[in-house]
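Engineer: Below: one structure in C-alpha cells.
The values are calculated or read from the model by the stated rules, or taken from the named source; none is laboratory data. As the structure is a prediction and not an experimental result, all values here were calculated from the model. FYI the Cβ positions are ideal-geometry reconstructions off the backbone, even for glycines, and counts take in every protein chain you see.
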Amino acid sequence: MSVTVKKIAATITLSASIAALVAGCGSANNAGNAVTAGSNSSSTSGSGGSQAVDYSNASGNIVWAAAPITHTGLRKKLIAEFEKQYPNIHVTLQSQPADTDTDRSSLTTTISGGSSQPDVYMGDVVWPAQFGNAQLAQPLSDVLPKSFFNRFSNGLIEGATYDGKVYAVPFFVDTAFLFYRKDLLKKYNLPVPTTWEQVKSDAEAIQKAGGAKYGFVWQGGDYEGATCNFIEYLADAGGQVLNGNQAQLTSSAANKALSFMRSLITSGVSPKAEDTFQEADAENVFDQGDSVFLRNWSYAWSDSQNSADSKVVGKVGVVALPTFEGQSGSGYSCVGGWDLYINPHSKNLKADLQFIDWMTGQQAQSILAKNYSEIPTNKAVADDPSLKSVSPIFSIIPNVKYISRPTQTPNYPKVSQAIYNNINQALSGSASVKSALNNANSQVNSALNSSAGL
C-alpha cells in the first residue's frame with residue numbers, strides 16, 4: 001500500500017485525533033494526520049455479533065494478565081473500583097513482563113497450550129492480526145452487541161480488527177513526545193528545539209557547560225521500542241518501511257534516520273548504554289535529573305511530576321516530537337497503546353465481558369486520563385474539555401502527526417524483529433549502518449513471504 005498523508009484540522013477534538021491515530025493502518029478514507037509505514041491491510045467490516053452474550057448477571061472469579069501501566073498501583077486501583085461496582089466478580093491480577101516481546105511470548109505459550117487463564121489480558125495494539133490469525137483471542141464482535149463499539153472511534157476499532165472480526169477492545173492510547181528540562185533551556189538561553197539537529201546541538205551545549213550528564217535519552221534496546229523510535233526518524237526523513245509488499249530500508253531516508261540515531265551515541269549526547277535502554281531506563285535517567293531531553297510516551301509527564309520518584313517536578317516541558325531540518329511542522333509519533341483481549345479458552349466469558357465493558361467505560365477511562373495522564377479510548381472521556389487542565393499533552397495531541405507500524409499482517413512480529421535486531425546492531429557498533437539496513441531489508445522481505453507465526 002502506498003503512503004498517503006492526511007491532515008487534521010487544528011480545531012479537531014481529541015477523540016477525532018485519536019481516531020486518526022490508528023487510521024493510518026486502515027483505509028485512505030479516514031481523515032487524519034496519519035501516515036502508514038506500509039502494511040497489508042485486512043478488511044474491516046461492521047462490528048457486533050448477532051448472538052451477543054447477556055452478561056448483566058455475571059459472577060465468579062477471573063484472572064487479568066497485565067504488564068505494569070507505568071504506575072504499578074494503577075492496575076490494583078482499577079480492579080478495586082471494578083469490584084466495588086461488581087462485588088459478585090473477583091479479579092486476580094497476574095503481572096506480566098514489561099517487555100512487550102517477552103509478554104507476547106509468554107501469553108502465546110500459555111494460551112496456545114489451552115490454558116483457561118488468564119481470562120482477560122492486556123496486549124499491544126499491534127497484536128490483533130497476530131493473535132486473531134493464531135486463534136489466541138476471542139472474536140469480540142461475535143459476542144458483543146454492535147452498540148458496545150460506539151464508545152470508540154472508528155479508527156481504533158479498525159486497528160483492533162483482523163479478517164472482518166474485532167479481536168480486542170481499545171484500552172488506552174500512547175503518543176510519543178519530547179520532554180525537556182525547561183529550567184535548563186532557560187538557564188542557557190536556548191529555545192525549545194523544533195528539529196532533531198537542534199536537539200543534538202542544544203544537548204551538547206548544555207552538557208559542555210556542565211548542566212547535565214546526558215543530553216538525550218530514548219529507547220534503543222533490542223526490542224519493539226527500537227522499532228518505534230526508528231520508524232519515527234524514518235518518517236521524519238521522508239521514508240517508509242514498506243512499499244506494498246517490498247521493504248524500503250536501503251533508502252537514503254533510512255540511512256539518514258539510522259545514522260542520526262547512531263551519532264547520538266557516538267557523540268556522547270546519549271549514554272553508551274542507550275543500545276540497552278527501554279522506556280523505564282530512559283525515564284529513570286531523565287527523572288533523576290541526568291538528561292536534558294527524553295523521548296517517551298504520554299505517561300512520562302505524570303511520572304515526571306510525581307515527587308516520590310522524580311527530582312524534576314516543575315522543571316519539565318513537553319512538545320510534539322521534532323523533525324529533521326528542511327521538513328515542515330512537527331515530527332512523527334509512532335502509534336502506540338494497549339488493548340484488552342479475552343482468552344478463547346476462558347471458562348467465564350460473561351465475567352470477562354463485564355470486566356472489559358467497565359474498563360472501557362467512562363469511570364475507568366476517567367481514572368486513566370485524569371489521574372495518570374493516559375490517553376483514553378472512550379470518546380466521551382476523550383472529549384471532556386477538563387482534560388486540558390490535567391496535563392499539557394491533551395492540548396498537544398490534536399496537532400501531532402502519526403506514523404503507524406505495518407501491523408495488519410500476521411507476520412508483523414517477524415517484521416519488527418528484523419528491524420529492531422539490526423537497528424540495535426548498528427547502535428551498539430556491532431554492524432555498520434549500511435550493513436544493518438541491508439540485513440534488515442532482506443530479513444523484512446523474508447518475513448513478509450514466510451508463514452505467519454508468533
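Engineer: Report the residue count in the range 413-437 for those that are more than 15 Å from Phe230 (Cα to Cα) and either over 23 Å from the mean Cα position of the chain (by Cα) or free of Cβ contacts under 8 Å to residues at least 12 places away in the same chain (or both).
Structural biologist: In the first step, residues of the range 413-437 are kept if they are more than 15 Å from Phe230 (Cα to Cα); the result is 413-414, 429-432, 435.
Next cut, either over 23 Å from the mean Cα position of the chain (by Cα) or free of Cβ contacts under 8 Å to residues at least 12 places away in the same chain (or both) only: 429-432, 435.
Counting residues in the range 413-437 that are more than 15 Å from Phe230 (Cα to Cα) and either over 23 Å from the mean Cα position of the chain (by Cα) or free of Cβ contacts under 8 Å to residues at least 12 places away in the same chain (or both) gives 5.
Engineer: Sticking with this one: If we keep just the residues of the range 202-224 that are part of a helix (DSSP H, G or I) and small (Gly, Ala, Ser), which is farthest from the chain's Cα centre (by Cα)?
Structural biologist: Ala205
Engineer: Glu158 is checked against (1) modelled with pLDDT under 95; (2) under 26 Å from Val381 (Cβ atoms); (3) not in a helix (DSSP H, G or I) and fails just one. What number does that condition carry?
Structural biologist: (3)
Engineer: Please tell me if Glu197 is acidic (Asp, Glu), modelled with pLDDT of 95 or more and surrounded by fewer than 16 Cβ atoms within 10 Å (Cβ to Cβ).
Structural biologist: Working: acidic (Asp, Glu): yes; modelled with pLDDT of 95 or more: yes; surrounded by fewer than 16 Cβ atoms within 10 Å (Cβ to Cβ): yes.
It is true that Glu197 is acidic (Asp, Glu), modelled with pLDDT of 95 or more and surrounded by fewer than 16 Cβ atoms within 10 Å (Cβ to Cβ).
Engineer: Additional query: With respect to Ser39, is the statement that it is at pLDDT below 95, under 23 Å from Tyr162 (Cα atoms), touching a strand residue (DSSP E or B) at 6+ places or on another chain (Cβ under 8 Å) and not charged (D, E, K, R) true? Please lay out each step first, then the result.
Structural biologist: Working: at pLDDT below 95: yes; under 23 Å from Tyr162 (Cα atoms): yes; touching a strand residue (DSSP E or B) at 6+ places or on another chain (Cβ under 8 Å): yes; not charged (D, E, K, R): yes.
Judged against the criteria, Ser39 is a match.
Engineer: Continuing with the same structure: I'd like to verify a number: residues in the range 54-98 that are in contact with a Pro (Cβ under 9 Å, 6 or more places away or on another chain), at pLDDT 95 or above and hydrophobic (A, V, I, L, M, F, W, C), how many?
Structural biologist: Result for the range 54-98: 5.
Here is a yes/no grid of residues against (1) aliphatic (A, V, I, L, M); (2) at pLDDT below 95; (3) surrounded by fewer than 24 Cβ atoms within 10 Å (Cβ to Cβ):
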| site | (1), (2), (3) |
| --- | --- |
| Val241 | yes, no, no |
| Ile265 | yes, no, yes |
| Ser270 | no, no, no |
| Thr276 | no, no, yes |
| Gln288 | no, no, yes |
| Leu294 | yes, no, no |
| Ser302 | no, yes, yes |
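Engineer: Could you go through the range 205-224 and let me know if any residue there is more than 22 Å from Asp124 (Cβ to Cβ), in contact (Cβ under 8 Å) with a residue 40 or more places away in the chain, touching a Gly at 6+ places or on another chain (Cβ under 8 Å) and among the basic types (Lys, Arg).
Structural biologist: no
Engineer: If you don't mind, there's one more thing I want to ask. Take the residues in the range 99-126 that are in contact with a Ser or Thr (Cβ under 8 Å, 6 or more places away or on another chain) and either of a type in the set (Phe, Trp, Tyr) or at pLDDT below 95 (or both); name whichever of them is surrounded by the fewest Cβ atoms within 10 Å (Cβ to Cβ). Working first, answer last.
Structural biologist: Taking the range 99-126 first, the residues in contact with a Ser or Thr (Cβ under 8 Å, 6 or more places away or on another chain) are 116-120, 124-126.
Subsequent filtering for residues that are either of a type in the set (Phe, Trp, Tyr) or at pLDDT below 95 (or both) retains 124-126.
Numbers: Asp124: 22, Val125: 25, Val126: 27.
Looking at residues that are in contact with a Ser or Thr (Cβ under 8 Å, 6 or more places away or on another chain) and either of a type in the set (Phe, Trp, Tyr) or at pLDDT below 95 (or both), I get Asp124.
Engineer: Moving on. What pairs come up if the first residue lies in the range 228-254 and is within 19 Å of Val335 (Cβ to Cβ), the second is in a helix (DSSP H, G or I) and β-branched (Val, Ile, Thr), and their beta carbons are under 6 Å apart, counting only those six or more places apart or on different chains?
Structural biologist: Phe230/Ile423
Engineer: Looking only at the range 373-395, which residues are of a type outside the set (A, V, I, L, M, F, W, C) and either farther than 23 Å from Gly314 by Cβ or not in a loop (DSSP other than H, G, I, E, B) (or both)? Walk me through it before giving the result.
Structural biologist: Residues of the range 373-395 of a type outside the set (A, V, I, L, M, F, W, C): 373-374, 376-379, 383-386, 388-389, 391-392, 395.
Selection gives Pro376, Thr377, Asn378, Lys379, Asp383, Asp384, Pro385, Ser386, Lys388, Ser389, Ser395.
Engineer: Sort out which residues of the range 161-194 are among the aliphatic types (A, V, I, L, M) and modelled with pLDDT under 95, and write them in order of number. Full working, then the answer.
Structural biologist: So the first thing to find is which residues in the range 161-194 are among the aliphatic types (A, V, I, L, M), and the list is 166, 168-169, 173, 176, 178, 184-185, 190, 192.
The one that is among the aliphatic types (A, V, I, L, M) and modelled with pLDDT under 95: Val173.
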